[in-house]
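The values are calculated or read from the model by the stated rules, or taken from the named source; none is laboratory data. Predicted model, so just to flag it, every value in this text is computed and none were measured. Every residue, glycine as well, gets a Cβ built from its backbone with ideal geometry; the counts of neighbours run over all protein chains shown.
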Amino acid sequence: MKSEENRTLFDARTLIFSILIPLIAGFLLSSVIPQPKIGLIEIKEPLDNRVGKFIVEQIQYAYNHRDIQGVVLVLDSPGGTINDTELIYLELNHLRTKMPVVTMVQGLSASGAYYVSLASDSIFSNPSALVGNVGVIGQIPPVPILLEEVYSTGPYKFWGSPRDTYVRQIDMMKRSFLKAVEVGRGDRLTISIEKVSRGEVYPASEALGYGLIDRLGSQSEAIQEAARLAHVANYQVVDLSKLVDQEQSEASAFYSQDENGEITGYPKEPGFYYLYIADFKGGLQ
Amino acid sequence: MKIKRLALALGFFVLPFILRGLWFYRGVYFPGGKESSPDFSEFTVIQPPLSTVPVFSVSTNGEGKRILFDQAHNNKYTIAEIESLRGQLLHQGAEITELRPKANLPDMLRKADAFVIITPTDFFTETELRAIESFVKRGGRLLVIADPTRSNSESDKQREESVILANEILEPFRISFRNDYVYSLVNNEGNYRNVLIEPVGSHPLTKNISNLVFYAAHSVTALNNVMLAGDETSLSSLDDQGSTLPVAAMDDSGNVLAIGDMTFMTTPYYQVADNFQLIVNISEFLLDHDRSRTLEDFPNLFTRPVGIRLGEGISLTKELLSAIADLKDVLAVNGLPLAIIETEQKGLDQIIIGIYPPNDEMRVFTNAMGLDFGVGQLIPTPTPTPKETLATSEISTISTPYNNLEFTIPGFGKVPSKGFGFLLLYEEPDQVNLIILADSQKNAIHLLKLLVTGSLEICLADDFIAVCQQDAVLSPTISEEPTLELLEEFPLDESLNGVEDSSTPTPTLTPPTETPTPTLNP
């Protein structure tokens, strides 16, 4: 009888201390295993210093938060400054050492925008989007002038280099862009790098044939692909721009205005750009 | 027992972790070891293939040569930009003049040996186009340079116009620019539009040239005589087709050169590859020829002081002196003095004024030109009406035997002596001879005035002969009396002292008091 009482007591204690309490504790503490998240980073404007800084912050957030298991880069951009493009590209490449990055092209992934997409594992695009425009544009600075009142210590102190050097720097940047295409697309590229260098922009369906992108599809499919590559399920999709403390720097106009106050397709600031101009009025070649 | 309980507790504690983990995570992400970004350090700025430091070669090849640069057609360049070519021309001794807006191109071309048109954007008038064509036919050198980066770039239409108007100039010479630019994605100099250019064949223009670089160049279409072309990787922006696209060509005469780029002449690009050698060769193209002077070049067909000689039957009247004074003013613009001389003098170009028949001295020139004024055919004249009979008989009394003859002039056919005069240009190595030949003194003066006033367009003319309808426009009032005032003003050659005494024409050569209305050969 006593033995039976002891067994019942044992079973109750075992149930409570060896099963229920560890189970409840395990259940409660297992929340330290975070629900995986797929972060969305949207680039839907020209890449300039402000945009570049904000995007880099989002990438770094993803890198530093282990619940973010993959990133989908949503692109609808003509590109932008070379400096900001490269900053984003390198930061994304760094992020890829930790999690997959998938690009979703929504409308336009041209020039610098396509450049940053090369740092992704897979590129999705909606069928009517435009992709490509690989190359650099830039404007040679004006002919140096000497002023009576202003002195410098060398002939190129003001301008940095002879005017002709700018042309050669542009070509150097083009070569690095083309190398990024080769490295980023690898065997998937079926078009010659010479043809890529023509700077054409292709409809996504054509770009797919050339191996410039991987698949035609939706943003949902791009997110699923990111999750698949990250080996996660039951994930949450988060907008990384809302998780980053953004310093509200005032947006300055990227494009210049003509004499009528209309926005032109040309950047306001001189410099080098991975930028799709789409100048149908006729301008730079 | 305790161990069993602990194990059980641990198992149930871990179970939620495992379940949660499996709920969310189905594997581990491996980024892989593949290269993910380019090695940026491998990219450097490629420096251009600089030539040896260009040095202007000094010579006297261009002495006395005038090169006219067009600046009158909204040309998209400045002379300072092409200092490399300008400097080379100046070092050769050439004189450089600019055609400014509103200047008279035909007049300027008369003084020029070569005409350089670079990136014009305003159309040339029909008169100007004709003058250019005539200039080239007379042996003048023409250089036309178009450049895709030097046009009115505000619209496609305006850009195309700059090519169209350049092609209008080149049309008679069967060369044209294409409205494109040449590029190469494979073999270029720092940029796809900086194309490598190679000489085609052997020609003075491509002497000592192995490689050139053009910086955005129109391709050129020419039947023959392609001088420079891109390499096999060069393509046209028009259709992305090409291979060895021509960018410079000459016409068949070798007097017209069309080049599709001007940037290669500008700083610093003229220092790249053999670009400066091409500039040297272009300057030689512009200078290394002797343009034959034609009547159209008057007054620039003279290069030495000019002596004017009066042939038999020509007397120094007030009217003639006045015309000579005008001629003197015209020649003075070119710094050439004019004097009346009696005999041919060495070192002088000469103008000889005479009436039919040419005297022996004039016949030397007319014979050399294949003109025989000594043999004419009598023009069959219709039976005069009674009203005309008197006038005709009056004229016949003072007419020369040449009045009713017709001459066969090579290139002109039969020309009646009556009512027509001739201007003949005969150039010798050391002397230019201009002969004015008419049927009377009055008409000889009239021809001189046509010449001085630049009114030869009313004449039927080729390069060396002009047949002019006499007294058609100008109606000089003949005064047979010499004017002392004019004689004092005019620096007569001493040898002509007493010219008044010899001014009386011989009876047979006295001009008719009324010049008959010129009639064309029936």
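Go through region B:429-446 residue by residue and tally those that are free of Cβ contacts under 8 Å to residues at least 40 places away in the same chain and either crowded, with 19+ Cβ neighbours inside 10 Å or touching a Phe, Trp or Tyr at 6+ places or on another chain (Cβ under 9 Å) (or both).
Here the count works out to 1.
Show me the helices (runs of 4 or more DSSP H) entirely contained within region A:1-105 in which 1 or more residues are charged (D, E, K, R), within 13 Å of another protein chain (Cβ to nearest Cβ) and more than 30 Å from A:Lys174 (Cα to Cα).
Because the criterion is at least 1 residues that are charged (D, E, K, R), within 13 Å of another protein chain (Cβ to nearest Cβ) and more than 30 Å from A:Lys174 (Cα to Cα), the helices (runs of 4 or more DSSP H) in region A:1-105 that meet it are A:2-13.
Results for (1) in a strand (DSSP E or B); (2) at pLDDT 80 or above; (3) among the basic types (Lys, Arg), shown as yes or no for each residue.
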| position | (1), (2), (3) |
| --- | --- |
| B:Glu406 | yes, no, no |
| B:Gly411 | no, no, no |
| B:Lys414 | yes, no, yes |
| B:Lys418 | no, no, yes |
| B:Phe422 | yes, yes, no |
| B:Lys442 | no, yes, yes |
| B:His446 | no, yes, no |
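Out of (1) away from every other protein chain (no Cβ under 14 Å); (2) out of contact with any helix residue (DSSP H, G or I) (no Cβ under 9 Å at 6 or more places or on another chain), what's the single condition that is false for B:Pro49?
Answer for B:Pro49: the failing condition is (1).
On the basis of being modelled with pLDDT of 90 or more, within 14 Å of another protein chain (Cβ to nearest Cβ) and farther than 30 Å from B:Pro31 by Cβ, does A:Gly199 make the cut? It would help to see each step written out before you state the result.
On the way: modelled with pLDDT of 90 or more: yes; within 14 Å of another protein chain (Cβ to nearest Cβ): yes; farther than 30 Å from B:Pro31 by Cβ: yes.
Yes; evaluated as a whole, the condition is true for this residue.
Give the residue that is nearest to A:Val131 (Cα to Cα), with candidates limited to residues of region A:178-196 that are more than 18 Å from the chain's Cα centre (by Cα) and within 10 Å of chain B (Cβ to nearest Cβ). Before you say what the answer is, go through the steps one by one.
Of region A:178-196, the ones more than 18 Å from the chain's Cα centre (by Cα) are A:186-196.
In the following step, the residues that additionally are within 10 Å of chain B (Cβ to nearest Cβ) were identified as A:186, A:192-196.
Numbers: A:Gly186: 17, A:Ser192: 16, A:Ile193: 15, A:Glu194: 17, A:Lys195: 14, A:Val196: 11 Å.
Looking at residues that are more than 18 Å from the chain's Cα centre (by Cα) and within 10 Å of chain B (Cβ to nearest Cβ), I get A:Val196.
With the checklist (1) loosely packed, with under 14 Cβ neighbours inside 10 Å; (2) modelled with pLDDT under 80; (3) within 14 Å of another protein chain (Cβ to nearest Cβ) in hand, flag the one item B:Thr44 doesn't pass.
(2)
What do you reckon, is B:Gly307 among the small types (Gly, Ala, Ser), outside any strand (DSSP E or B) and touching a strand residue (DSSP E or B) at 6+ places or on another chain (Cβ under 7 Å)? Please lay out each step first, then the result.
Working: among the small types (Gly, Ala, Ser): yes; outside any strand (DSSP E or B): no; touching a strand residue (DSSP E or B) at 6+ places or on another chain (Cβ under 7 Å): yes.
The answer is no for B:Gly307.
If you take the residues of region A:229-271 that are modelled with pLDDT of 90 or more and over 19 Å from the mean Cα position of the chain (by Cα), which of them is surrounded by the fewest Cβ atoms within 10 Å (Cβ to Cβ)?
My answer is A:Asn234.
Going by what's in this entry, would B:Gly11 be described as surrounded by 13 or more Cβ atoms within 10 Å (Cβ to Cβ) and more than 22 Å from A:Phe177 (Cα to Cα)?
Working: surrounded by 13 or more Cβ atoms within 10 Å (Cβ to Cβ): yes; more than 22 Å from A:Phe177 (Cα to Cα): yes.
Yes; evaluated as a whole, the condition is true for this residue.
Taking A:Gly70 as meeting all but one of (1) touching a Pro at 6+ places or on another chain (Cβ under 7 Å); (2) at pLDDT below 95, write down the number of the exception.
That leaves (2) as the condition not met.
Consider A:Arg168 against the criteria (1) of a type in the set (D, E, K, R); (2) under 30 Å from A:Ile191 (Cβ atoms); (3) away from chain B (no Cβ under 12 Å): it satisfies all of them except one. Which criterion is unmet?
Condition (3) is where A:Arg168 drops out.
Any residue in region A:76-87 that's surrounded by fewer than 24 Cβ atoms within 10 Å (Cβ to Cβ): show its pairings with residues that are assigned to a helix (DSSP H, G or I) at Cβ separation under 6 Å, as long as the two are six or more apart or on different chains.
Qualifying pairs under 6 Å: A:Leu87/A:Gly52; A:Leu87/A:Val56.
Are any of the residues in region B:288-298 surrounded by fewer than 22 Cβ atoms within 10 Å (Cβ to Cβ), assigned to a helix (DSSP H, G or I) and of a type outside the set (Asp, Glu)?
Checked against the condition, which is being surrounded by fewer than 22 Cβ atoms within 10 Å (Cβ to Cβ), assigned to a helix (DSSP H, G or I) and of a type outside the set (Asp, Glu), region B:288-298 yields at least one hit.
What pairs come out if I take residues in region B:93-107 that are in contact (Cβ under 8 Å) with a residue 40 or more places away in the chain and pair them with residues that are not in a helix (DSSP H, G or I) whose C-beta lies under 6 Å away, six or more apart or interchain?
Correct list of pairs: B:Ala94/B:Gly62; B:Ala94/B:Lys65; B:Ala94/B:Ile67.
Based on what the data block shows, is B:Ile465 within 16 Å of B:Pro358 (Cβ to Cβ), surrounded by 15 or more Cβ atoms within 10 Å (Cβ to Cβ) and at pLDDT 80 or above?
Values: within 16 Å of B:Pro358 (Cβ to Cβ): yes; surrounded by 15 or more Cβ atoms within 10 Å (Cβ to Cβ): yes; at pLDDT 80 or above: yes.
So B:Ile465 passes the test.
Given B:Val186, B:Val195, B:Val200, which one is under 20 Å from A:Val136 (Cβ atoms) and in contact with a helix residue (DSSP H, G or I) (Cβ under 9 Å, 6 or more places away or on another chain)? Spell out how you get there, then give the answer.
Working: B:Val195 fails: in contact with a helix residue (DSSP H, G or I) (Cβ under 9 Å, 6 or more places away or on another chain); B:Val200 fails: under 20 Å from A:Val136 (Cβ atoms).
Residue meeting the stated conditions: B:Val186.
Tell me, which residue of region A:113-144 that is more than 14 Å from chain B (Cβ to nearest Cβ) and over 29 Å from A:Ser218 (Cα atoms) is surrounded by the most Cβ atoms within 10 Å (Cβ to Cβ)?
Of the residues in region A:113-144, the ones more than 14 Å from chain B (Cβ to nearest Cβ) are A:113-114, A:123-133, A:141-142.
Now restrict to residues that are over 29 Å from A:Ser218 (Cα atoms): A:141-142.
Numbers: A:Pro141: 14, A:Pro142: 9.
Only one residue fits best here, namely A:Pro141.
Could you check, for region B:315-322, whether at least one of its residues is buried (at least 16 other Cβ atoms within 10 Å of the Cβ) and in contact with a strand residue (DSSP E or B) (Cβ under 6 Å, 6 or more places away or on another chain)? Don't jump to the end; show me each part of the working.
Of region B:315-322, the ones buried (at least 16 other Cβ atoms within 10 Å of the Cβ) are B:315-322.
Within this subset, residues satisfying the condition of being in contact with a strand residue (DSSP E or B) (Cβ under 6 Å, 6 or more places away or on another chain) are none.
No, that holds for no residue.
Taking the condition surrounded by fewer than 22 Cβ atoms within 10 Å (Cβ to Cβ), small (Gly, Ala, Ser) and at pLDDT below 80, does B:Gly370 pass? Spell out the reasoning first.
Values: surrounded by fewer than 22 Cβ atoms within 10 Å (Cβ to Cβ): yes; small (Gly, Ala, Ser): yes; at pLDDT below 80: yes.
Taking the combined requirement at face value, the residue satisfies it.
Considering only region A:90-107, state which residues are surrounded by fewer than 24 Cβ atoms within 10 Å (Cβ to Cβ) and in contact (Cβ under 8 Å) with a residue 40 or more places away in the chain.
Listed by number, the residues that qualify are A:Met99, A:Gln106.
Within region B:11-30, count every residue that is assigned to a helix (DSSP H, G or I) and within 7 Å of chain A (Cβ to nearest Cβ). It would help to see each step written out before you state the result.
Looking only at region B:11-30, we keep the residues that are assigned to a helix (DSSP H, G or I), and these are B:11-24.
From the residues that got through so far, the ones that are within 7 Å of chain A (Cβ to nearest Cβ) too are B:12-17, B:20-21, B:23-24.
Qualifying residue count for the region: 10.
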